[in-house]
Amino acid sequence: MSPGEDRAAASSAAAPPAASGSAAPAPSRDPRAIDPREPPRSSRREAALIAASVTACVALAISFAFDPGHAGAPAMLAALGAPYAVLTAITVMWLRRRGELRAALRPLSGDLARGALVAAGLYGLAMAVQLLLAPRGSPREAWVLRLYLQLGDPSADARVFVGALVFVIAALEEIVWRGLVLRALEGPLDRGAAWLLSSALFAAAHAPTLFLLGDPVAGPNPLLVAAGFGCSIVWGRVVHRTGRLAPAVFAHAFFSWAIVSFPIWRP
């Protein structure tokens, strides 16, 4: 064997055996998609279906509940509580399937105080907005009047019971909108876009009150739509800051209870 053939044979023996076929680089993957500790992202179709279904369902319930013919009647709160109870059950099952239920809803030390503090801030802001947009003696005062009359006689003994029901319904409302709608929208969208869109949808679900609680002189009533958007911005921010639902649930429930139990408008 010639020296050249010896060197070729040595090189061939030293080289590692070639794998069968061409080796392609491993495709890059989204770490979130393969990390078993993280829930799967909602698809665009699932997020759209959830957001549209909840918005339509709530808008129908509000259309019935805030009909002037149901003012002060038990059917008014029942029309809100029943669909939210069903939607909350769906939210709980959805979160459990994704493995997020315990982390999202388990209250921790300080959640109650944090929620009460946020609720107090919103209550003070609501009083300021009422004085600015619907001061006493102006035609727009009818907007606030119509809202409270829809809940019934503010001096009635049953007001305590109404406040308790509003507390529960508001808690269910927060679980549905932040636990289901916001969380689903964060699949195809970034957190900021999902936060704004879910707040806009919450406000849109209250759009029937523009006319149901409107006044012939003052015109369409924007209070619940504006409050719905503004408060959703705050509650969504609380969820993003804490990474959990419990503080926002307390904030939403305490705020709604305070608005009913300590009216920002009195005759």
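The values are calculated or read from the model by the stated rules, or taken from the named source; none is laboratory data. Everything numeric in this text was worked out from a predicted model, so none of it was measured. Please note: Cβ atoms are built from the backbone with ideal geometry, for glycine as well, and neighbour counts cover all protein chains shown.
Restricting attention to the range 178-203, which residues are among the small types (Gly, Ala, Ser) and either over 16 Å from the mean Cα position of the chain (by Cα) or surrounded by fewer than 16 Cβ atoms within 10 Å (Cβ to Cβ) (or both)?
Within the range 178-203, 192, 193, 200 meet the criteria.
Out of all the residues in the range 107-124, is one or more assigned to a helix (DSSP H, G or I), modelled with pLDDT of 95 or more, crowded, with 19+ Cβ neighbours inside 10 Å and among the β-branched types (Val, Ile, Thr)?
The answer is yes, given that some residue of the range 107-124 is assigned to a helix (DSSP H, G or I), modelled with pLDDT of 95 or more, crowded, with 19+ Cβ neighbours inside 10 Å and among the β-branched types (Val, Ile, Thr).
Among the numbered criteria (1) modelled with pLDDT under 95; (2) within 30 Å of residue 92 (Cβ to Cβ); (3) surrounded by fewer than 19 Cβ atoms within 10 Å (Cβ to Cβ), which one does residue 168 miss?
Single failed check for residue 168: (1).
Is it the case that some residue within the range 219-235 is farther than 26 Å from residue 135 by Cα and under 16 Å from the mean Cα position of the chain (by Cα)?
Among the residues of the range 219-235, at least one is farther than 26 Å from residue 135 by Cα and under 16 Å from the mean Cα position of the chain (by Cα), which makes the answer yes.
Looking for something of a type in the set (A, V, I, L, M), under 21 Å from residue 173 (Cβ atoms), exposed (fewer than 15 other Cβ atoms within 10 Å of the Cβ) and modelled with pLDDT under 95 - is there at least one such residue anywhere in the range 45-65?
no
Residue-by-condition table, conditions (1) in contact with a Phe, Trp or Tyr (Cβ under 7 Å, 6 or more places away or on another chain); (2) under 17 Å from residue 262 (Cβ atoms):
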site	(1), (2)
81	no, no
130	yes, yes
142	no, no
159	no, yes
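Considering only residues that are out of contact with any Leu (no Cβ under 8 Å at 6 or more places or on another chain) and either surrounded by 19 or more Cβ atoms within 10 Å (Cβ to Cβ) or aromatic (Phe, Trp, Tyr) (or both), which ones fall in the range 215-248?
Within the range 215-248, 227, 228, 229, 232, 235, 238, 247, 248 meet the criteria.
Would you be able to say whether some residue in the range 196-213 is part of a helix (DSSP H, G or I) and either in contact with a strand residue (DSSP E or B) (Cβ under 6 Å, 6 or more places away or on another chain) or among the basic types (Lys, Arg) (or both)?
Within the range 196-213, not a single residue is part of a helix (DSSP H, G or I) and either in contact with a strand residue (DSSP E or B) (Cβ under 6 Å, 6 or more places away or on another chain) or among the basic types (Lys, Arg) (or both).
Name the pairs whose Cβ atoms lie under 9 Å apart, with the first residue in the range 124-146 and more than 20 Å from residue 212 (Cα to Cα), the second basic (Lys, Arg) and assigned to a helix (DSSP H, G or I), and 6 or more positions between them or separate chains?
As it stands, the answer is none, since no pair meets every condition given.
Specify which of the listed residues (146, 96) is assigned to a helix (DSSP H, G or I), at pLDDT below 95 and over 22 Å from residue 254 (Cβ atoms).
Answer to the selection: 146.
State which residue pairs qualify: first residue of a type in the set (Phe, Trp, Tyr) and inside the range 160-177, second residue modelled with pLDDT of 95 or more and surrounded by fewer than 24 Cβ atoms within 10 Å (Cβ to Cβ) in any location, beta carbons under 6 Å apart, and separation of 6 or more residues or different chains.
Filtered contacts from the range 160-177: 167/253; 167/257.
Mind listing just one residue for me: the one in the range 236-267 that is of a type in the set (Phe, Trp, Tyr) and modelled with pLDDT of 95 or more and, of those, farthest from residue 147 (Cα to Cα)?
Ranking the qualifying residues of the range 236-267, first place goes to 250.
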